[in-house]
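Read the structure below first, then the notes.
The values are calculated or read from the model by the stated rules, or taken from the named source; none is laboratory data. Keep in mind it's a predicted model, so treat the numbers as computed, not measured. Ideal geometry is used to build each Cβ from the backbone, glycine not excepted, and the neighbour counts take in all protein chains shown. For accessibility, only protein heavy atoms count, side chains too; no ligands or nucleic acids. Shrake-Rupley method; radii C 1.70, N 1.55, O 1.52, S 1.80 Å.
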Amino acid sequence: MSRVKRVAVTSPQTRLAHSRRRAPGRWRVPTLEPADAERAARMYREQRRRALPAVALMFGLLLVLTIAFTVAPGLDSVRVLGIPLSWLLLVAVPYPVMALLARWQLRRAERVERE
């Protein structure tokens, strides 16, 4: 009776991750000069500050939709192309608005990096 050794097939990324775990000295986190580190921290704080309006608008949108569904439960009975209006509002409104907010926020964050 012969024994067959089973070899697990892993992806290159998994092999790389395992090799890093076994040899911790081969990979080091890059460090910045003190002036660059301070600039990066300042930029990070400014980008977070500029993100607050986008996050507030997103939560406001979701709050308004929740209130609309609570106040007008009849939206379930109204159908457009056989689909309840509440479902259409839940799918068609938030995602495009969130995409626009993300694009707006990205441009604001990139502006901080250019300054």
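What FRET efficiency, computed as 1/(1 + (r/R0)^6) with R0 = 35 Å and r the Cβ-Cβ distance, is obtained for L81 and A51, rounded to the nearest 0.05?
Details: r = 37 Å, r/R0 = 1.05.
It comes to 0.45.
Work out the FRET efficiency for L90 and R39 from their Cβ-Cβ distance, taking R0 = 41 Å, and round it to the nearest 0.05.
Numbers: r = 42 Å, r/R0 = 1.04.
That gives a FRET efficiency of 0.45.
Give the accessible surface of segment 31-71 per residue, rounded to a whole number of Å², with probe radius 1.4 Å and ligands, DNA and RNA excluded. Please list the in-between numbers first.
Values: 3210 Å² over 41 residues.
Per residue, segment 31-71 has 78 Å² of solvent-accessible surface.
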